[in-house]
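Worksheet: the structure to be examined is printed underneath.
The values are calculated or read from the model by the stated rules, or taken from the named source; none is laboratory data. Being a predicted model, the structure only gives us computed values, none of them experimental. Cβ sites come from the backbone with ideal geometry, for glycine too, and all protein chains shown count toward neighbours.
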Amino acid sequence: PEPKWSNGWLTNFKNRFYIKEYVCYSEGGMADIDSPENIKQMQENRDLAAIYPPENILNMDKTGLFWKLLLNRILVTEASNRGRKSKDRITLTLTVNTTGTNK
């Protein structure tokens, strides 16, 4: 016979030891790239870049690598301290030209 799996044992275990799941929300937000001001600025940038050859047009962006950041869902007991999210990070800059030949 094929076994039937359920989450009953896990739910009972978490209830017995007062373990709860918490979702940690991000502190940042998304940029509004579709606003009329941003669309106008992007078109102006394209017009300025049009005088240069594609291999000389570069795009650079920076991002953060949060190397100590925990997962966004954690299981903790009610007595434990959830603490704050780690802000330790490495800043990365990524650059590539329009043709993709220089990265």
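Here are a few things to note about the model shown:
- Within the range 46-68, the set of residues being polar (S, T, N, Q) and at pLDDT 90 or above comprises Asn56 only.
- So Glu21, is it modelled with pLDDT under 80 and either of a type outside the set (Val, Ile, Thr) or part of a loop (DSSP other than H, G, I, E, B) (or both): yes
- Subset of the range 29-39 that is surrounded by 10 or more Cβ atoms within 10 Å (Cβ to Cβ) and assigned to a helix (DSSP H, G or I) - its residue that is modelled with the highest pLDDT: Ile39
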